[in-house]
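Reviewing the structure listed below.
Any read-out appearing in this document is the output of simple, stated calculations on the displayed coordinates, not a laboratory observation. Source: prediction; values computed, not measured. In this analysis, Cβ positions are derived from the backbone assuming ideal geometry, glycine residues included, and neighbour counts consider all displayed protein chains.
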């Protein structure tokens, strides 16, 4: 599992609210999740260096932000014109713009 370090860095910096939202309602503190994310960033994304507790935190709160992110479709959830997931290479720009659309939905939205 290769972690996009640029994406992880963005989530820790300008996109921290995504991490905060991921723990909302859970018994984890955002600072704990951010600590695990920082550890990963400092260690080139090597998840093998995580302790068992850190790995649970990663799997539950960080991985869903980095992998298999759902496309929000052309007009909201359920209106995706593609695979239903945002392509990995698009995720950083999606987080930066707060528009989570796969390429098919982006093309459809722009009239291509």
Review point. Out of (1) outside any loop (DSSP other than H, G, I, E, B); (2) farther than 15 Å from residue 1 by Cβ; (3) touching a helix residue (DSSP H, G or I) at 6+ places or on another chain (Cβ under 8 Å), the odd one out for residue 73 is which?
Key: (1)
Practice item. Scan 88, 63, 104 and give me the residue that is surrounded by 14 or more Cβ atoms within 10 Å (Cβ to Cβ) and over 24 Å from residue 36 (Cα atoms). Key: 104
Review point. In this structure, is residue 11 under 30 Å from residue 104 (Cα atoms) and crowded, with 18+ Cβ neighbours inside 10 Å?
Key: yes
Review point. Mind checking which residues of the stretch 19-47 are within 17 Å of residue 95 (Cα to Cα) and either touching a residue at least 40 places away in the same chain (Cβ under 8 Å) or surrounded by fewer than 16 Cβ atoms within 10 Å (Cβ to Cβ) (or both)?
Key: 19, 20, 21, 22
